[in-house]
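Here the structure is laid out as structure tokens; the discussion comes afterwards.
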Amino acid sequence: METLEVKVLNPQAKQLLLELETLKLISIKEANYKVMELLESLRKKTEIYPVPTFEEITKEVEKVREERYASEQAT
């Protein structure tokens, strides 16, 4: 079995494909582009809000731990 992506440029071509599906020669599945839309959205957000580096994340974690440790020592 081989899978192909087809762009239908003419409504008559779609009708031919539907007829082939009726004859059980092909199977048609609607494309789901939600994943691609999600990726595009994430890419745009990344441009606005850069992804922090590992070092930046580590510094922030250490800072929170120090604050938590200091508050535990105070009580």
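Between helix 34-48 and the chain there is an angle of about 40 degrees, using the helix long axis and the longest principal axis of the Cα atoms. Taking the charge dipole of the chain about its Cα centre, with +1 at Lys and Arg Cβ atoms and -1 at Asp and Glu Cβ atoms, the residue from 41, 18, 3 reaching farthest to the positive side is 18. Over the chain, the ratio between the Cα radius of gyration and 2.2 N^0.38 Å evaluates to 2.33. Name the lysines eligible as straight-distance cross-link partners of residue 14: C-alpha to C-alpha under 24 Å, and not fewer than 8 places from it in the same chain. Result set, ordered by chain and number: 24, 29, 34.
Taking the C-alpha atoms only, the angle from helix 54-74 to the longest principal axis of the chain is near 40 degrees.
Evaluate the charge dipole of the chain about its Cα centre and quote only its size in Debye, nearest 20, assuming +1 on the Cβ of each Lys and Arg and -1 on the Cβ of each Asp and Glu. Working shown, then result.
Values: 12 positive and 15 negative charges, 63 e Å.
The dipole magnitude comes to about 300 debye.
None of the figures in this text is laboratory data; all of them are computed from the coordinates on show. What you see is a predicted model; the values in this text were computed from it and never measured. When we count neighbours, we look across all protein chains shown, and the Cβ atoms used for this are built from the backbone with ideal geometry, even at glycine.
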